[in-house]
Amino acid sequence: MLKKGIPNKILVILPKHSIGFDMKLCSLAILLLVLGSCARSISSKSAGETAISSYEEDLRDIRPKVVWEKPEAKEEEVLGKTAFKLVEPKNENVKIKKAIGEIVVYNANIGQLPGYRLQVYSGNDRYGFESAKSYVLQHFPELEIYESYSQPTYRVKVGDFLKKMDAERYYALLMDRFSSSKIIMDDVEVQKSLKIN
């Protein structure tokens, strides 16, 4: 009797009364045949033969050879004469340097910007005016002194600060000596403000 699931080339005839046992035996036999045919064959070696542990073959003659040549400069015609033009690689640094150069020139031409100064003295007394100037000159030589006289008032302003925080730092130092000092907005010299610590 022909069973389903068994290849057509193998014909197995089983009696009806032992189908369960014979089916298991047949399946086991087929499995052993399949596994046996897939197993790696082991050959016996004689005493003089050694096992091959790695594959070694010189393939230098077979492999293709790559020869790289430096590309030649392109020729171009310039007014009847042949000239060589070297091809430069793309480089963004030139554009960056140009932009930075433009910024430097622009910043060098800026004279004044809105900023802050400290008014340390404002009064009618010339002696107080002179003593305020001399004190700032001795103790804060990095600050520029701006003096003005609008009759009858003398004023002493110091510093060129672009940031109010910088002005407040000096304001705290000068407050003990000049109690009437204050921070005022004014146009400041940019180059001088950069020299202040």
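The values are calculated or read from the model by the stated rules, or taken from the named source; none is laboratory data. Everything numeric here is computed off the predicted structure, so don't read it as measured data. No Cβ is skipped: glycine too gets one built from the backbone with ideal geometry, and neighbour counts run over all protein chains shown.
Tell me the residue from S131, S148, S181, S122 that is of a type in the set (G, A, S) and under 18 Å from I196 (Cβ atoms), please.
S181
Among (1) over 13 Å from R117 (Cβ atoms); (2) modelled with pLDDT of 90 or more, where does Y149 come up short?
(2)
Q138 - would you say it is surrounded by fewer than 14 Cβ atoms within 10 Å (Cβ to Cβ) and either at pLDDT 90 or above or assigned to a helix (DSSP H, G or I) (or both)?
Criteria met by Q138.
Cβ contacts < 8 Å: first residue farther than 13 Å from K157 by Cα, restricted to segment 123-139; second residue exposed (fewer than 14 other Cβ atoms within 10 Å of the Cβ) and of a type in the set (S, T, N, Q), any location; separation 6+ or different chain. Result?
N124/T153
D166 passes all but one of (1) within 30 Å of V104 (Cα to Cα); (2) free of Cβ contacts under 8 Å to residues at least 24 places away in the same chain; (3) in a helix (DSSP H, G or I); which number fails?
The failed condition is (2).
Please determine whether any residue of segment 153-162 is touching a residue at least 12 places away in the same chain (Cβ under 8 Å), surrounded by 14 or more Cβ atoms within 10 Å (Cβ to Cβ), among the hydroxyl-bearing types (S, T, Y) and under 17 Å from K192 (Cβ atoms).
no
Regarding V190, is this residue modelled with pLDDT under 90, within 19 Å of L113 (Cα to Cα), of a type outside the set (S, T, Y) and surrounded by 15 or more Cβ atoms within 10 Å (Cβ to Cβ)?
When the stated conditions are applied, V190 passes them.
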